[in-house]
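A.B. asks: Below is one structure. I have some questions about it.
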Amino acid sequence: MSKKALFIIPPERFNEDELFKPKEALEQAGVTVTLASTKTGEILGDYNGKATAELIFSDAVPADYDVVSVIGGSGTNDYLWNNADLQALLKQTHEQKILLSGICAGSIAVAQTGLLSGRTAACYPVDVQKDQLQSHQAEYVAQHVVVHSDIITADGPDGAQAFGEALVQALQ
């Protein structure tokens with residue numbers, strides 16, 4: 001599979017499982033995964049895991065990718081929620097009929113675009129995230145992964161492997 005994925009992570013405190021498990025699933029399926037953030041270079045995760053952002057996400061061209069995914073972690077709330085540049089990128093991704101996805105707090109970043117309005121979605125099962133979904137007219141469901149034809153959301157570390165598998169399946 002010669003497909004490409006763009007994973008957007010916060011500039012600090014991404015969740016390691018939510019990044020590494022789906023990334024590994026995609027790479028094993030032959031998908032090239034590019035990491036992007038608000039800065040380039042080494043980024044530390046919630047548990048001191050390390051990842052390297054190759055691209056500033058506002059410089060990304062959605063048409064270069066087959067899926068764009070927002071990864072969660074405690075830094076996602078601080079840096080990616082209500083981020084106008086990210087919302088513009090995600091809306092452009094959706095308009096160009098490129099698969100859009102988010103896991104945990106990343107699902108909220110997707111919901112904040114309005115693209116999940118009237119739909120079901122998964123996020124980490126804490127009130128702050130469930131309330132964010134509801135305030136953007138999305139219905140929270142307690143599942144690891146919710147798959148729509150154009151948007152996939154997942155609940156967090158426990159669903160990270162299933163999220164990766166759902167992305168692989170959607171790209172086939």
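The values are calculated or read from the model by the stated rules, or taken from the named source; none is laboratory data. Treat the numbers as computed from the prediction; the structure is a model and nothing was measured. Please note: Cβ atoms are built from the backbone with ideal geometry, for glycine as well, and neighbour counts cover all protein chains shown. Areas reflect the complete protein model, heavy atoms only, side chains present, ligands, DNA and RNA absent. Shrake-Rupley method; radii C 1.70, N 1.55, O 1.52, S 1.80 Å.
A.B. asks: Per residue, what accessible area does the chain have, given a 1.4 Å probe and all protein chains present, in Å²?
C.D. replies: 43
A.B. asks: Determine one quarter of the surface area of the Cα convex hull of the range 1-93, which equals its mean projected area, and express it in nm² to one decimal. Don't skip to the end; give the middle numbers.
C.D. replies: Numbers: hull surface 21.0 nm².
Reported value for the Cα convex hull: 5.2 nm².
A.B. asks: Can you list the residues of the range 38-60 with backbone N under 16 Å from a point 7 Å past the Cα of Lys91, pointing along Cα to Cβ?
C.D. replies: Residues 58 fall inside that zone.
A.B. asks: Same structure, new question: Name the lysines eligible as straight-distance cross-link partners of Lys21: C-alpha to C-alpha under 24 Å, and not fewer than 8 places from it in the same chain.
C.D. replies: Correct list for Lys21: Lys3, Lys4, Lys39, Lys50, Lys130.
A.B. asks: Once both labels are modelled 7 Å past Cα along the beta-carbon direction, what's the Glu54-Val126 spacing in nm?
C.D. replies: Result for the modelled spin labels: 3.1 nm.
A.B. asks: Moving on. Which whole-number percentage describes the relative contact order of the chain, with Cα contacts under 8 Å and a sequence gap of 6 or more? Write out the running numbers ahead of the final one.
C.D. replies: Numbers: 419 pairs, mean separation 39.2, N = 172.
For the chain, the relative contact order is 23 percent.
A.B. asks: Principal axis lengths of the chain from Cα atoms, whole Å, largest first?
C.D. replies: 34, 33, 29
A.B. asks: Separate question: Of the accessible area of the range 39-172, with the probe set at 1.4 angstrom, what percent is carbon plus sulfur? Present the calculation step by step, with values, prior to reporting the outcome.
C.D. replies: On the way: 2630 of 6010 Å².
About 44 percent, which is the carbon plus sulfur part of the accessible surface.
A.B. asks: Tell me the Kirkwood hydrodynamic radius of the range 91-158 in angstroms, computed as one over the mean inverse distance between distinct C-alpha pairs.
C.D. replies: Value: 11.3 Å, from the Cα pair sum.
A.B. asks: For Ser2, what charge total do you get from the other residues with a beta carbon under 14 Å from its beta carbon, if Lys and Arg give +1 and Asp and Glu give -1?
C.D. replies: On the way: positive: Lys3, Lys4; negative: Glu27, Asp64, Asp66.
Around Ser2, the surrounding residues sum to -1.
A.B. asks: Would you look at the GNM of the chain, springs on alpha carbons closer than 10 Å, and say which of Glu24, Glu95, Glu12 moves the most?
C.D. replies: Largest GNM mean-square fluctuation: Glu95.
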